[in-house]
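Notes to accompany the following structure.
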Amino acid sequence: DYTEAIKFCDESLKIEPNYIQAFKQLGKIYRDMPNYELSKQYLHKVLEQESEEASVLNDLGFIHQVNNEFDTAIEFFSKSREINDRENVENNIYAEICEAHCYLEKNDPEHAELLINKKKIVKNDNDHSYKVRGWICKELGKINEAIENFEKESSYRYTVRDSVWFDLAFCEQKRGNLSVAIEYYKKDIEIYGLKAVVSQNLGYAYFELGQYENALKWYNSGLEKFPGYVDILNNKAELYSSRSQYDDAIKCY
């Protein structure tokens with residue numbers, strides 16, 4: 001109940017105008033609402049009093065990360081990481097993982113891989129690090145390693161991230177395990193509903209297996225829900241061309 005939470009924090013600041021705990025709480029509340037501009041204002045008020053507050057630096061890094069301001073996010077995560085290293089905080093790896101993710105988003109997977117495989121992270125691996133390491137390996141074409149990390153992520157908690165099954169399906173499809181990929185795609189649909197890229201990839205998996213009717217079924221399901229989705233139309237045209245159904249292929253193009 002953010003409205004009530006904000007009210008009590010504001011009351012706190014009426015009693016003590018520079019009360020740092022209220023600033024921290026308001027920063028987190030506005031982060032989660034989300035109202036990132038107000039969140040940043042309160043988080044910076046904390047840093048004016050406690051310039052080396054790692055959790056606040058992480059919150060600011062997160063806000064810049066979700067706004068695709070990766071260089072600024074890296075600055076905050078890097079400073080948080082340095083503070084934890086200096087204070088010998090061994091089990092807090094949030095900043096390290098996020099920094100690696102930012103480098104991946106900056107199209108620098110090699111730098112990201114160096115960060116995500118640091119001893120401190122590997123020693124304290126969690127579902128967040130498995131996810132980011134999996135993405136990095138997928139980007140670098142290290143498909144077996146990507147699958148290993150996504151499998152660890154998917155078994156880490158009772159509820160798992162949206163798209164982990166897609167990531168596993170994509171990687172299994174890349175290494176030619178089409179039947180396994182199909183099962184993962186269907187699991188993704190069962191939990192999260194049909195997405196355009198899933199219907200596209202699922203159709204293509206059936207196409208590669210030579211099951212053309214099943215491939216058409218999934219292409220058509222995708223186009224029914226996402227009319228005019230170009231990649232599905234291209235795949236469908238390719239299927240028709242392979243079957244010498246050129247008029248149908250032309251319609252798709």
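The values are calculated or read from the model by the stated rules, or taken from the named source; none is laboratory data. If you're wondering where the values come from, they're calculated on a predicted model, not measured in any experiment. Methodologically, a virtual Cβ is constructed for each residue, glycine included, from the backbone with ideal geometry; neighbour enumeration extends over all protein chains shown. What goes into the accessible areas is simple: the full protein's heavy atoms, side chains included, and nothing from ligands, DNA or RNA. Shrake-Rupley method; radii C 1.70, N 1.55, O 1.52, S 1.80 Å.
Quick look at the values:
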read-out	value
All positions within the range 82-116 that are over 15 Å from the mean Cα position of the chain (by Cα), at pLDDT 95 or above and not in a helix (DSSP H, G or I)	108
Residue 244, sole failed condition from (1) touching a helix residue (DSSP H, G or I) at 6+ places or on another chain (Cβ under 8 Å); (2) not in a helix (DSSP H, G or I)	(1)
Residue in the range 182-237 that is farthest from residue 167 (Cα to Cα), counting only those that are hydrophobic (A, V, I, L, M, F, W, C) and open to solvent by less than 20 Å² (accessible area, probe 1.4 Å)	237
Filter pass, residue 141 being more than 19 Å from residue 93 (Cα to Cα) and either out of contact with any Ser or Thr (no Cβ under 9 Å at 6 or more places or on another chain) or touching a residue at least 40 places away in the same chain (Cβ under 8 Å) (or both)	yes
Residue that is modelled with the lowest pLDDT [pool: residues in the range 30-79 that are in contact with an Asp or Glu (Cβ under 9 Å, 6 or more places away or on another chain) and among the small types (Gly, Ala, Ser)]	54
Matching option when the condition is over 22 Å from the mean Cα position of the chain (by Cα), part of a helix (DSSP H, G or I) and in contact (Cβ under 8 Å) with a residue 12 or more places away in the chain, among 79, 120	79
Filtered residues of the range 57-74 (kept if in a helix (DSSP H, G or I) and of a type in the set (D, E, K, R))	59, 71
Residue satisfying all of: in the range 130-160; outside any helix (DSSP H, G or I) and of a type in the set (A, V, I, L, M, F, W, C); most open to solvent (accessible area, probe 1.4 Å) among these	140
Output for the range 105-129, where each listed residue is open to solvent by 60 Å² or more (accessible area, probe 1.4 Å) and under 14 Å from residue 90 (Cβ atoms)	118, 119, 122, 123
